[in-house]
1. Within straight cross-link reach of LYS326, meaning Cα distance under 30 Å, which lysines are found once same-chain residues fewer than 8 apart are removed?
2. Kindly report the accessible area of region 83-153 per residue (heavy atoms of protein chains, probe 1.4 Å, no ligands, DNA or RNA), in Å².
3. For the pair ALA293 and TYR132, what calculated FRET efficiency results from E = 1/(1 + (r/R0)^6), where r is the Cβ-Cβ distance and R0 = 35 Å, to the nearest 0.05?
4. Scattering from the C-alpha atoms of region 56-112 alone, worked out with Debye: what is log10 I(q)/I(0) at q = 0.14, 0.20, 0.27 1/Å?
5. What whole-number value in cubic angstrom gives the convex hull volume per residue for the C-alpha atoms of region 156-223?
6. In whole Å and largest first, what semi-axes does the C-alpha gyration tensor of region 286-338 yield when each eigenvalue is scaled by 5 and square-rooted?
7. Over region 164-283, what is the mean sequence separation of C-alpha contacts under 8 Å (at least six apart), divided by residue count, expressed as relative contact order in percent?
8. Calculate the FRET efficiency for ARG52 and LYS318 from the Cβ-Cβ distance with a Förster distance of 35 Å, rounded to the nearest 0.05.
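The values are calculated or read from the model by the stated rules, or taken from the named source; none is laboratory data. None of the values given here were measured: they were computed from a predicted structure. Here the Cβ is made from the backbone with ideal geometry for all residues, glycine too, and neighbour counts use every protein chain on show. Surface accessibility is based on the protein's heavy atoms, side chains included, excluding ligands, DNA and RNA. Shrake-Rupley method; radii C 1.70, N 1.55, O 1.52, S 1.80 Å.
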Amino acid sequence: MRFVPRLRQGLRRRLLGTAAAALVLPVAAGLVGTTTTAAVAAPAQGAPVSHRAPAGGFEEVFVESDMGPIKVQIQWAARGGDAALYMLDGLRARDDANAWTFETNALQQFANDNVSLIMPVGGQSSFYTDWYAPSNLNGQDITYKWETFLTEQLPDYLATRGVSRNNNGILGLSMGGSAALTLAAYHRDQFKFASSLSGYLNLSAPGMREAIRVAMLDAGRFNVDSMWGPPWSPAWLRNDPFVFAPKLEGLSLYISAASGLPGEHDNPQGFVGYYNTANGMALEALSLAQTRAFQIKLATLGIPATFDFPARGTHAWKYWEDQLWKARPQILEALNGF
């Protein structure tokens, strides 16, 4: 869960209508290729499939879902390959852009690789899961159905653009890190690679369910009971990486968490800066403890994984940018994205 304070965003306004004309926008600074925004509907199963994805370029589309149209930012594989890396945001995911596109140099890192980056927008406090009901504390008017979107509706759309349904990886930070392992574990036909960066991988540990409740209230006043039900609900166990760890066998895994000690990317200024750094230190230290426990769990099960534990680093984007670069060779190998 990425709890680092950020500018609060209002809930995403649902778009009206089922389609809109494509709008061609100026090339975005620092991005690769042309930015196109289009409203599209996810095709039905069996719809015609393009044989190759666009060769490079950056595009924004809206894909139909049970939640309404969802904005997705895409950097296409440099040579039109069919591999894709789904990149998940953190707890305070914004409604205008996936933070991987503006907090990191992820687009530049993969600009010459034959892997499309798939970056869904929105999902604050969602854990990218299917909720039981709308959050009743903040007036939410939809029920989050992120697992359905990411494993059914979005792949249906991407298949029409030349992206494989099977040659995919998934990576996320904090909330998105936990979710990445969950989605990969339960959708093995879709994902070959999964990565958690500073994720929380033992949700059944003492105090964790209460901590998630408080964090979600702080990030948009979301009610965790609307997500997985009360703490005794079986949905909590279903979404706990420590519990479903055996399902990860055979996946290419990259998992990391830093020490929580300030490092090269920390330069706090003023009260807010020091508060954010202190908060990031505590959150990363908690992630480290959980990730170390998860490492032991996988070792006990005999499941190989790449673990990285930097000596310094807090719960902050530039450290996740560094980890993405470290994970990149393994991603390309798993997806044959060279």
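1. Partners within reach: LYS71, LYS192, LYS247, LYS297, LYS318.
2. Numbers: 1830 Å² over 71 residues.
Per residue, region 83-153 has 26 Å² of solvent-accessible surface.
3. Numbers: r = 28 Å, r/R0 = 0.80.
The calculated FRET efficiency here is 0.80.
4. Debye curve over Cα of region 56-112, log10 I(q)/I(0) at q = 0.14, 0.20, 0.27 Å⁻¹: -0.43, -0.85, -1.29.
5. On the way: hull volume 7.7 nm³, N = 68.
Cα convex hull per residue, to the nearest whole number: 114 Å³.
6. On the way: eigenvalues 87, 74, 9 Å².
Value: 21, 19, 7 Å, ordered largest first.
7. Values: 154 pairs, mean separation 29.5, N = 120.
Worked out over region 164-283, it gives 25 percent.
8. Details: r = 34 Å, r/R0 = 0.99.
So, using R0 = 35 Å, E works out to roughly 0.50.
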